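Note sheet for the following structure.
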Amino acid sequence: MDPPTYFIGITIAACVYVLYKVTESSVLDNIPGPSSTSFLLGNLGELMQNQAGLTEFSWQETYGDVVKFKASFGINRFLISDPKALQHILQTSGYRWVKFQERKEFSRMTSGRGLLWADEDAHKRQRKVMLPGFGTPEAKNFLPLFLSCAASMSQRWSDIISSEKDQSHVFNIPEWASRATLDAIGQAAFDYNFGATDDHENELGKAYQNMFVNAFGSPSKTSLVMLELLQFLPLSLMEFLNDNNPSRRMAGIRKVTKVANGIAKELVSTKSEALLEGKGKKDIMSLLVKANAGENPKGQLSEDELISQMRVLILAGHETTSNTLAWLLYELVRNPELQRKLRAEIRAAEKVASLRGESELKIQDLEGMPLLGATIRETLRFHPVALHLFRTAKEDDVLPLSTPITTTHGEVLTEIPMPKGSRVVLSISAYNRNKKLFGEDAHVFNPYRWLEAGHVKKGNVSLGPFANLATFSGGNRSCIGWRFALIELQAFAVELLSNFEFSATSKTEKIRREAALAMVPTIEGEVENGAQLPLRVAFAPKGEE
Ligand code: HEM
């Protein structure tokens, strides 16, 4: 078929599909939700262009935990935050709900055909080889490394602050946190020092800087419609178009890919050689290369897949943690009393360690800090950096519900029939604000909820791997780095709060929760400047109790 015939064929097929979907009537049409104001965009503008979470919180309040809304061309889509329905899609159904094809493309472009991209058998095979690097003992072993990465950043800050007249300085937190967590992932995952904290011209640090905001922040109406159109294209054509798309956003992603691929290739070959010489190390990539070598040939990852896993780890394990840390510090400048209490808790733990004759905190010290643990949980609940998961039903299915819904025709549904091809948006942020689980004050940042008996309910569903939150997803595609993230967050929080006091700047009230694949802080009216959270940092008062 020549290209014009091919395109005409696709257009006709897309029109027939849209017509079929729009005229098809079912009980799904009667699920409550907002009305659409645009045929081309449906409600996608409200959902994807607003500040992160705002639209879905208001829909959740008005319509409940399953909301019908319109995607482009009048097609129904569902926003789901009901615990049982989420558990069914993420855990019970196995691989029967798959990622949207056009969204999977984001993963291929940013990290290749690795774990975030792979499906079913390929995903199972890749995950099996990855898992040995991510157990509890492996994560705990990284504490000294994380403390030392945090200490490098705090040394740089101390030097800068000491040279200031008023002994304080305004730092753009996401920029520094992103570099420090890149160094942490580099050393923990690959035993490789990217040197991004010390060198702000570092190639990889610069390439990843602001990739999320530049490539995925504030999508225009046109790009939302284009993204919706992509679902009608055959995969090969979609990949071709993305690989050759001349837009600034896509060119930026290709630049990151080039730099990261070069470094990843070199690392995979160094690790493989070290393993052959019997000099394998304990970093995650060495464990991965070792686990791969021990697999039967059918289960093994190819060199390309190994390279992709490295990019997956940088992508999934770097900006997620750094932005969570930025949101934590943001909350602490808004709650100075909480900041003070946390510092007192850290000081008490440091005293205990020093009575033991140790200058550095151990895992048991971190485990003995209830307020720090609660504050990190609350930050993960309140500011989940991954906001949405997008899934399509591969076959007809029935979604069970925790809370029955009443249709616009007055029918009460305790489960919802979902035909093959149904597309749903799983709302991590709305689930994390569920009042039945987290209390009537779910929309308030309140770490103490985790310390008060009965404030957080267990519910009838166990969803994510941590604290029954959806933040790390759940089931067979849940985050494999969550233990790693928790220890890294604790290490950075302890080091930074022990040494510094954080306070607001004139920009703090203008901070936006920018939905850019990962939720990053930006400043109202300055979104084009990328991730920004300027906070004033001074030395922490000594001897505070
Ligand atoms: C606060 C920090 C983090 C958050 C909120 C987070 C959240 C998530 C979420 C929601 C997913 C599911 C994505 C999807 O299905 O499309 C995921 C997957 C993943 N995460 Fe994390 N993550 C964090 C830190 C990390 C770290 C530190 C690592 C690695 C060191 C990591 C590695 C991964 C990998 C490899 C996957 C893909 C798992 C799979 O598809 O089987 N993450 N993460």
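Among the trypsin sites (Lys or Arg not before Pro) in the stretch 331-399, those placed in a DSSP loop whose Cβ has at most 10 other Cβ atoms within 10 Å are 356. DSSP finds beta bridges in the stretch 3-539, and of those with both partners inside it, around 90 percent are antiparallel. Protein heavy-atom accessible surface, 1.4 Å probe, per residue over the chain: 42 Å². When peptides 132-138, 164-170, 261-267 are ranked by their average number of other Cβ atoms within 10 Å per residue, the highest-first order is 261-267, 132-138, 164-170.
Residue ranges 383-389, 225-231, 525-531 sort as 383-389, 225-231, 525-531 when ordered by packing (mean number of other C-beta atoms within 10 Å per residue, highest first). If R0 equals 56 Å, the separation of the Cβ atoms of residue 254 and residue 354 corresponds to a calculated FRET efficiency of about 0.65. Which distance in Å, rounded to a whole number, links the C-alpha centroids of the stretch 77-100 and the stretch 21-75? Comparing the Cα centres of the stretch 77-100 and the stretch 21-75, I get a distance of 17 Å.
Centre-to-centre, using Cα atoms only, the stretch 104-140 and the stretch 320-338 are separated by 29 Å.
Given R₀ = 25 Å, what would the calculated FRET efficiency be for residue 298 paired with residue 276, taking r from the Cβ atoms and rounding to 0.05? Calculated transfer efficiency: 0.70.
Which GluC sites (Glu not before Pro) does the stretch 408-500 hold that lie in a coil by DSSP with at most 12 other beta carbons within 10 Å?
411, 440, 452
The distance from the alpha carbon centre of the stretch 488-545 to that of the stretch 243-317 is 32 Å, rounded to a whole number. Note on the stretch 3-539: dipole from Cβ charges, positive end direction compared against 30, 73, 196; the farthest Cα belongs to 30.
Each stretch of four or more DSSP H residues adds -39500 (n - 2.57); spread over every residue of the chain, this sum gives -16000 deg cm²/dmol at 222 nm.
The residue among 286, 366, 261 whose Cα reaches farthest toward the positive pole of the charge dipole of the chain, with charges on the beta-carbon of Lys, Arg, Asp and Glu, is 286.
Report the calculated FRET efficiency for residue 395 and residue 29 (r = Cβ-Cβ distance, R0 = 22 Å), to the nearest 0.05.
Working: r = 21 Å, r/R0 = 0.95.
The computed FRET efficiency comes out at 0.55.
For residue 420, the lysines whose Cα comes closer than 22 Å to its Cα, not counting residues fewer than 8 places off in the same chain, are 21, 68, 70, 84, 99, 104, 394. The share of accessible area on the stretch 3-539 that comes from carbon and sulfur is 56 percent, using a 1.4 angstrom probe.
The values are calculated or read from the model by the stated rules, or taken from the named source; none is laboratory data. Predicted model, so just to flag it, every value in this text is computed and none were measured. We place every Cβ from the backbone using ideal geometry, glycine too, and count neighbours over all the protein chains shown. Only protein heavy atoms, including side chains, enter the accessible area calculation; ligands, DNA and RNA are left aside. Shrake-Rupley method; radii C 1.70, N 1.55, O 1.52, S 1.80 Å.
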